[in-house]
Amino acid sequence: MKGTVLIIDDEEGLRKLLTRIVTLEGYEVLQGDTLKAGLDILKHRSVDVILCDVKLPDGNGVDFVKEVKARFPLPEIILLTAYGNIPDGVQAIKNGAFDYITKGDDNDRILPLLSQAIDNVAVQKKSAVKIGHDNTTLFSSIIGNSAAIKQTILLAQKISSTNTTVLLLGETGTGKEVFAKAIHAEGRRSAQTFIAINCSAFTKDLLEGELFGHKAGAYTGALKDKKGLVEVADKGTLFLDEIGEMNIDLQAKLLRVLEGGEFIKLGDVKTTKVDVRIITATNRDLTKEVEEGRFREDLFYRLNTFTISLPPLRERREDIKELSDYFLKLFCNREGKPLLQLSGEALKIMQNHQWKGNIRELKNIVERTVILAEGTQILPHDLPIAMQQASDINTDEQTLSAVEKTHIKKILAHTGNNKTKAAVLLGIGLATLYRKLDEYHLNK
């Protein structure tokens, strides 16, 4: 199967027609005639794309998008309406819809859109769960010579040769998964499987199934036994990213794994034994989460056996040049461009930036500058406009809107007019991009 599609429409004839068309394309199809029925399916089944009518007996599809995205982050949602209007379309995109199309007029767009949406979800799933035996991420491959990063590496190296549970603390984009991989690669279990899962990407029920598996017949649609990631990681390492997002009921099952090396699959009556090293990470204050009743105190103390705090990029600014050079080489090779150099003025702007997204933000910005740069150097005007403005350096006599329009045109040309990819590269929401396209008359 290419993926799973949920169709929500109260018109039985249309629902069955869409089901037949989508099934013939190789997708598994689930059906619901109300928003409530759709939500019930999402609680127990992993769905890739939702095709949803806008007007349903128990609510509006535009509002439904916002609710689904808050509770089930992974599925993409394509809204279908009999009477399309621009305000609804804009609001739908703003709420997180993949697209908003009119029944009848846009029928030929459904299958191509479905394919694009499935591809998007596949990329997200790949980043949400990673299973492999790649042991090439060593501490020596972590870039930086600042005192802050050297001290952090030294601490992680000391713990890597043990089987102790590790809690990695740090802001988004500081490299927690990189450190988890290095701890595994230089530890006793390096020849075994390393699995990483982002707990925030799944609902409580789906995360339970991913982690602990189920027996056949445990719920509707569970046709055969499924191994959970805890079992797959037996003898190896399981990295639980964003552990602070885990539902408190699931925390009890994880605690049992940590204390006794056992758990019970959904629908099973006997325990499954495992020998797995657990590494966790979060950007939340778990002490506060415990105080407010969202995180189990006993699990917190069990995870807190050994804690490593990763420094944010603004506390290791001397590493920005080395990190930038690494990403410049990476993206210049990918784009087939001669190796670009970072000018002194551009470096100064980057070193003064606050880097709320840390290394991940730096990587994205370098990728954009490589795409836009036309000379042999990265100059200040190649950097995002917000960075230029914050630095108080006037690098261009053009108006802000003219620079922005040119920037958007270049990104759209690079992505082949794929607006979803363009919005990611621009670092803005899809709704914002559509508004800018209207503002600068770039819709055509």
**Prompt:** Pairs, please: C-beta under 9 Å, at least 6 apart or cross-chain, first residue on the phi > 0 side of the Ramachandran plot and in the stretch 258-286, second aliphatic (A, V, I, L, M) and part of a loop (DSSP other than H, G, I, E, B)?
**Reply:** 261/274; 261/276; 267/216; 267/218; 267/222
**Message:** Can you find a residue that is touching a residue at least 40 places away in the same chain (Cβ under 8 Å) and not aromatic (Phe, Trp, Tyr) anywhere in the stretch 337-348?
**Reply:** yes
**Request:** Please work out which residue is surrounded by the fewest Cβ atoms within 10 Å (Cβ to Cβ), limiting yourself to the stretch 205-237 and to residues that are of a type in the set (Ser, Thr, Tyr) and within 17 Å of residue 45 (Cα to Cα).
**Result:** 220
**Request:** Answer yes if at least one residue in the stretch 26-49 is closer than 26 Å to residue 428 by Cβ, buried (at least 19 other Cβ atoms within 10 Å of the Cβ), touching an Asp or Glu at 6+ places or on another chain (Cβ under 6 Å) and not assigned by TED's automatic domain parsing to the domain that holds residue 205, and no otherwise.
**Result:** yes
**Prompt:** Could you say whether any residue in the stretch 55-62 is in contact with a Cys (Cβ under 8 Å, 6 or more places away or on another chain) and not charged (D, E, K, R)?
**Reply:** yes
**Request:** Taking the residues in the stretch 319-346 that are over 28 Å from the mean Cα position of the chain (by Cα) and in a helix (DSSP H, G or I) as candidates, determine which candidate is nearest to residue 240 (Cα to Cα).
**Result:** 346
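Every residue, every condition in (1) of a type in the set (A, V, I, L, M); (2) surrounded by fewer than 20 Cβ atoms within 10 Å (Cβ to Cβ), yes or no:
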position: 141; (1), (2): no, yes
position: 147; (1), (2): yes, yes
position: 151; (1), (2): no, yes
position: 156; (1), (2): yes, no
position: 159; (1), (2): yes, yes
position: 162; (1), (2): no, yes
position: 167; (1), (2): yes, no
position: 172; (1), (2): no, yes
position: 203; (1), (2): no, yes
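Return the only residue of 310, 303, 299, 372 being over 30 Å from residue 260 (Cα atoms) and among the hydrophobic types (A, V, I, L, M, F, W, C).
Answer to the selection: 372.
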**Prompt:** Just one of 197, 183 is β-branched (Val, Ile, Thr), buried (at least 20 other Cβ atoms within 10 Å of the Cβ) and within 17 Å of the chain's Cα centre (by Cα); which is it?
**Reply:** 197
**Asked** Taking the stretch 87-119 as the region of interest, how many residues are within 24 Å of the chain's Cα centre (by Cα) and at pLDDT 85 or above?
**Response** 18
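The values are calculated or read from the model by the stated rules, or taken from the named source; none is laboratory data. Fair warning: this is a prediction, and the values are worked out from it, not measured in the lab. Note that we place each Cβ from the backbone using ideal geometry, even for glycine, and neighbour counts take in every protein chain shown.
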